[in-house]
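The values are calculated or read from the model by the stated rules, or taken from the named source; none is laboratory data. Computed from a prediction, not measured in an experiment: that's the story for all the values here. A quick note on method: Cβ atoms are made from the backbone with ideal geometry, for glycine too, and the neighbour counts reach across all protein chains shown.
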Amino acid sequence: MTGAPPGQDLRPRSASRRSFLLLLVLLAVCCTVAALGGLAASDSASTYRSLDRPAWAPPSWLFGPGWTVLYASIAFSAWLVLRRRSLAGTRKEIVFWSAQLAFDLAWTPLFFSADRYGLAFLDICLLLAALGVTMLLFRRRSPAASLLLVPYALWALYAAALNLAIWRVNA
């Protein structure tokens, strides 16, 4: 006996539960990246304030709230692609999604902890390339998933320009 009323199937509920768990896992992955990046940047806030920065550089307090929204959208976009497909069926998409997150994770310690602004700029360029491919691949599966990554792409472009400007004036 399944516990379901006669004629009712439990599979939709099970699929819904798996989908919710997948979303939680993706959010946990993005939160982990955010937390590790936050740790790498936390000791360097005074370093960032002491750098020569362009007038268009954002204030330090903006990064936390901004990244919180961006990481949630990064997780949700992957969920839209994965929720109805197997991992094997979305291998390319997830490889590039994971690569852009790995480049994102590497950028913070390169820039803030190691003061390697040139390597950080190379890293963010690789992030942008991986993100662009991710967006194209996601678009085939879910246009909404691709659109959810647009704010992240715009922020990463802005961050790349800021990284380059800081590297040039602080070299």
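Look through segment 56-81, keep the residues that are among the aromatic types (Phe, Trp, Tyr) and surrounded by 14 or more Cβ atoms within 10 Å (Cβ to Cβ), and return whichever of them is nearest to ALA161 (Cα to Cα).
Top of the filtered list is PHE63.
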### Task
Specify which of the listed residues (ALA99, ALA88, ALA41, ALA75) is over 19 Å from the mean Cα position of the chain (by Cα) and of a type outside the set (Val, Ile, Thr).
ALA88
### Query
In this structure, is ARG53 basic (Lys, Arg) and either surrounded by 13 or more Cβ atoms within 10 Å (Cβ to Cβ) or over 19 Å from the mean Cα position of the chain (by Cα) (or both)?
yes
### Task
Go through (1) modelled with pLDDT of 95 or more; (2) out of contact with any helix residue (DSSP H, G or I) (no Cβ under 7 Å at 6 or more places or on another chain) one by one and return the number of the condition ARG84 breaks.
(1)
### Query
Is it true that SER86 is farther than 24 Å from PRO58 by Cα and surrounded by fewer than 20 Cβ atoms within 10 Å (Cβ to Cβ)?
yes
### Message
Looking at TRP56, TRP61, can you tell me which residue is part of a helix (DSSP H, G or I), out of contact with any helix residue (DSSP H, G or I) (no Cβ under 6 Å at 6 or more places or on another chain) and of a type in the set (Phe, Trp, Tyr)?
### Response
TRP61
### Task
May I ask you to list the residues in segment 124-138 that are closer than 15 Å to VAL95 by Cα and either without any contact (Cβ under 8 Å) to a residue 40 or more places away in the chain or surrounded by fewer than 20 Cβ atoms within 10 Å (Cβ to Cβ) (or both)?
LEU126, LEU127, LEU128, ALA129, ALA130, LEU131, GLY132, VAL133, MET135, LEU136, LEU137
### Query
Looking at ALA144, ALA156, which is the one that is of a type in the set (Gly, Ala, Ser), more than 13 Å from the chain's Cα centre (by Cα) and at pLDDT 95 or above?
ALA144
